[in-house]
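Visitor: I am attaching a structure below and will ask some questions about it afterwards.
The values are calculated or read from the model by the stated rules, or taken from the named source; none is laboratory data. What you see is a predicted model; the values in this text were computed from it and never measured. Please note: Cβ atoms are built from the backbone with ideal geometry, for glycine as well, and neighbour counts cover all protein chains shown. Heavy atoms of the whole protein, side chains included, go into the accessibility calculation; ligands, DNA and RNA do not. Shrake-Rupley method; radii C 1.70, N 1.55, O 1.52, S 1.80 Å.
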Amino acid sequence: MDLNTLKTFIAVCEYGGFSSAADKLGYSQSTVSSQIKQLERELDVTLFDRIRHNVTITRQGIIVLKYAKKMLGNQIEMMETLHKSERVSGMIRIAMADSVCARFINNDYLKFHEMYPDITLKITSGGTEQMFDMLRKNEAF
């Protein structure tokens with residue numbers, strides 16, 4: 001069973017029709033229809049009652065929807081587990097000159113914070129002597 005077909009099925013249910021689902025997914029309406037027919041053949045059930053240009057989910061469709069959401073949820077969980085890096089936390093103390101501090105906070109800090117949200121940065125700006133004093137006392141890096 002193709003997970004993309006299940007995604008299409010869920011989209012038809014959520015958006016209320018084949019055309020709406022096609023628009024949201026960036027597919028043609030005939031592609032959505034074809035995928036739903038393929039899924040119905042594979043499962044040997046009717047997923048939607050098609051009356052005029054309206055579709056209504058069937059009892060079997062409701063059951064399939066429940067399991068399709070679980071299957072896609074499991075796929076997402078699996079991918080997150082496989083690609084989850086260990087969370088790093090703690091505090092980093094940095095001393096730097098005022099001129100460097102402004103550039104660091106505007107660009108690099110935001111990227112760093114996105115990658116490591118559990119690390120706290122304590123940034124102290126100051127003159128050369130003050131920074132060397134902090135380094136000697138192991139108060140900054």
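Visitor: If you scan the range 22-65, which residues turn out to be within 21 Å of the chain's Cα centre (by Cα) and of a type in the set (K, R)?
Guide: Across the range 22-65, the qualifying residue is only K24.
Visitor: Here are some conditions: (1) modelled with pLDDT under 95; (2) open to solvent by less than 40 Å² (accessible area, probe 1.4 Å); (3) closer than 21 Å to K66 by Cβ. F9 meets all but one. Which one does it not meet?
Guide: The failed condition is (1).
Visitor: Considering the range 12-59 alone, what residues qualify as being touching a residue at least 12 places away in the same chain (Cβ under 8 Å), open to solvent by 20 Å² or more (accessible area, probe 1.4 Å) and among the aliphatic types (A, V, I, L, M)?
Guide: Across the range 12-59, the qualifying residues are L25, L43, V45, V55, I57.
Visitor: Within the range 12-47, can you find the residues that are under 20 Å from K70 (Cα atoms) and aromatic (F, W, Y)?
Guide: If the condition is that a residue be under 20 Å from K70 (Cα atoms) and aromatic (F, W, Y), then Y15 is the only one that fits.
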